[in-house]
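For reference, the structure discussed in these notes is given below.
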Amino acid sequence: MTRARTSTAGSGPEAGPRSGPSRRGFLGLGAALAVGGTGFLTACSKEDSAGRVADRHKDGVLRIGVAAAPSSLNPLDSGAEVTRWIAEPVMESLYAYDSRLNSVPLLAEGEPEISADKLTWTIRLKQGVLWHNGDPFTADDVVATLAHMLDTSAGSEWITYMLGYVQRFEKADPQTVRIILAKPYGLLRSHLTNLPVTHKNFVDRKDTMMGTGPYKLDSYVAGQSFTMSKFDRYHGGQYRAPFADMPGGAAFGGIQYTVFTDANTRAVSLKQGKVDLVTAPANTTLPVLAKEKGLTLVSTVAPLDVLTYVMLQRAPFDNADFRKAVAYSMDRDGVLQRVYGGKGSIGQGPIGPGEAGYQPLSVFPATPDLAKAKAFLDRSGIAKPSFTLTVGASQTVRDIAQVLVAGWAKIGIDVRIEQLPGGPWSNKWLSRDYDMLMNTFMSGFTSGPANYLTLAPASSTNVLACGYTNPEVDKAIDTVWQTADQNERVQALATVDRALAEDAVIFPPVYPELVVAQRNELSPLNRDLLKVCRLSPQTLRFTG
């Protein structure tokens with residue numbers, strides 16, 4: 001495997017490098033894109049672009065432009081899209097989503113056998129599956145994956161989901177795994193649908209991926225590019241997606257991901273036909289991309305959160321009136337328009353429209369209600385209101401923070417922005433050393449069409465607890481995690497969502513949509529799979 005310099009992107013909630021230029025740079029390049037219709041994106045003719053794409057497609061390689069690169073290639077350690085989008089064609093899970101987002105067997109032979117007390121899950125594994133190095137896939141690999149996930153020293157974010165529920169696991173025979181729970185865990189099937197299984201000798205590796213998928217990772221240049229080729233010994237011969245309405249057969253000879261941290265460069269590369277698909281186009285480029293012939297802008301609701309909550313165990317957020325003053329003076333529409341180009345909706349509680357349990361709420365206004373905010377602030381009795389807003393490293397979250405800080409200043413609240421890279425930000429999060437915490441977080445790779453991790457701080461007993469105490473919420477969160485009844489889970493989620501919004505504990509400014517752009521010579525992305533954050537490049541093909 002080829003490896004160059006060390007990447008600087010983090011994992012977990014958006015902790016990578018700045019995903020684009022400064023605000024001044026955005027405005028300048030945005031003007032260049034739009035002026036007279038002949039700006040940056042129209043530097044080459046459509047005929048030149050079409051010819052270039054046709055020539056490039058002769059090599060059978062799908063090229064994808066992404067916004068950041070992970071510091072670790074181990075998808076067991078992070079569910080963040082910077083890792084998992086690269087891992088999608090390479091790594092597989094025991095179960096997978098079909099086109100209607102039902103969980104169906106993939107590496108598992110069939111449905112799990114669940115004991116009457118719901119504490120023992122027995123899973124038979126598919127036979128004839130090979131790892132990319134030629135080793136057979138066995139129960140030892142699944143056991144090693146689970147052991148890594150629950151190893152407190154490994155640093156896997158999956159431990160947050162499994163700790164306290166998974167008691168032990170064992171190899172029943174070479175092709176059978178048994179999972180024993182401490183208590184019923186209704187979310188286990190969801191997690192087994194999202195958790196990638198890794199070769200037993202690679203669970204601790206951070207410099208490569210060893211998978212069973214239709215494409216294998218050949219080489220990478222850290223922070224720059226990732227090159228894959230088709231795995232000819234894929235189980236079943238040719239790749240067959242777990243979706244009845246998707247074509248079978250791995251269509252590409254290879255897949256290459258290229259990192260363009262500058263969002264405008266991603267847009268130009270797509271327009272010029274250098275790549276077939278790009279993630280995270282900047283809001284300044286959205287109008288141009290939407291009008292460009294030969295390109296399609298794809299936008300959908302998804303579990304993409306602006307994680308925003310406060311620490312109630314210390315001043316000033318131990319004061320309920322102060323929390324509401326902050327919540328009522330948030331410029332939600334300003335964030336939606338200026339940061340996300342209108343692609344999304346106004347935030348209220350922690351659950352957005354792309355997630356299970358969403359309900360339309362009208363607790364807070366789209367634009368600041370300064371009179372009501374000032375009344376709450378006066379009632380709080382805080383003479384010199386101030387706090388620190390701790391945000392992640394991306395330009396997006398920095399832009400969100402700047403819009404909000406300007407609004408809070410109008411009622412006299414002094415806010416300092418503390419911007420930290422992935423590791424230090426996560427340390428603040430885990431040690432609960434913050435006033436207000438904010439970051440973007442895409443949870444589809446760990447929770448599917450939901451985001452259970454964002455609710456964890458509201459549970460009084462969780463390791464991430466923010467000091468909020470509400471017995472009704474504690475009970476509802478337990479129900480969310482333990483019930484196997486989806487209707488009961490949705491009702492419990494709605495209860496939690498409303499309470500956290502009304503008490504101003506977790507109150508994001510917006511619910512952004514997931515936006516990507518593709519060339520029309522590529523088959524259309526599956527919008528349903530995008531709802532769980534999947535690009536699923538292994539299911540695509542060139543159409544022209």
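Quick look at the numbers
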| read-out | value |
| --- | --- |
| From Thr261, Thr296, Thr300, residue being more than 24 Å from Ala409 (Cβ to Cβ), crowded, with 20+ Cβ neighbours inside 10 Å and of a type in the set (Ser, Thr, Tyr) | Thr261 |
| Filter result (part of a loop (DSSP other than H, G, I, E, B), of a type in the set (Val, Ile, Thr) and out of contact with any helix residue (DSSP H, G or I) (no Cβ under 7 Å at 6 or more places or on another chain)) within the range 248-294 | Thr261 |
| Among the residues listed as Gly444, Gly467, the single one being on the phi > 0 side of the Ramachandran plot and touching an Asp or Glu at 6+ places or on another chain (Cβ under 9 Å) | Gly467 |
| Sole residue being of a type in the set (A, V, I, L, M), in contact (Cβ under 8 Å) with a residue 40 or more places away in the chain and closer than 14 Å to Met436 by Cα, chosen from Val415, Val397 | Val397 |
| Helices (runs of 4 or more DSSP H) wholly inside the range 452-544 that include at least 3 residues being outside the structural domain of Gly60 (by TED's automatic domain parsing) and either crowded, with 23+ Cβ neighbours inside 10 Å or of a type in the set (Gly, Ala, Ser) (or both) | 471-482, 486-502 |
| Any hit, the range 325-339, residues being in the same structural domain as Ser431 (by TED's automatic domain parsing), buried (at least 21 other Cβ atoms within 10 Å of the Cβ), of a type outside the set (Asp, Glu) and over 25 Å from Trp425 (Cβ atoms) | yes |
| Filter result for the condition that a residue is farther than 25 Å from Lys324 by Cβ and either at pLDDT below 90 or over 20 Å from the mean Cα position of the chain (by Cα) (or both), over Gly412, Gly381, Gly423 | Gly423 |
| Failed criterion for Asn133 (all others in (1) within 30 Å of Val259 (Cβ to Cβ); (2) among the polar types (S, T, N, Q); (3) assigned to a strand (DSSP E or B) hold) | (3) |
| Failed item, numbered, when Pro174 is tested on (1) surrounded by 17 or more Cβ atoms within 10 Å (Cβ to Cβ); (2) more than 11 Å from Trp121 (Cα to Cα) | (1) |
| Cβ pairs under 7 Å, 6+ apart, first in the range 299-326 and among the aromatic types (Phe, Trp, Tyr), second modelled with pLDDT under 95 and buried (at least 23 other Cβ atoms within 10 Å of the Cβ) | Tyr309/Pro457 |
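The values are calculated or read from the model by the stated rules, or taken from the named source; none is laboratory data. Values in this document were obtained by computation on a predicted structure and should not be read as measured data. All Cβ positions, glycine included, derive from the backbone under ideal geometry; neighbour counts span all protein chains shown.
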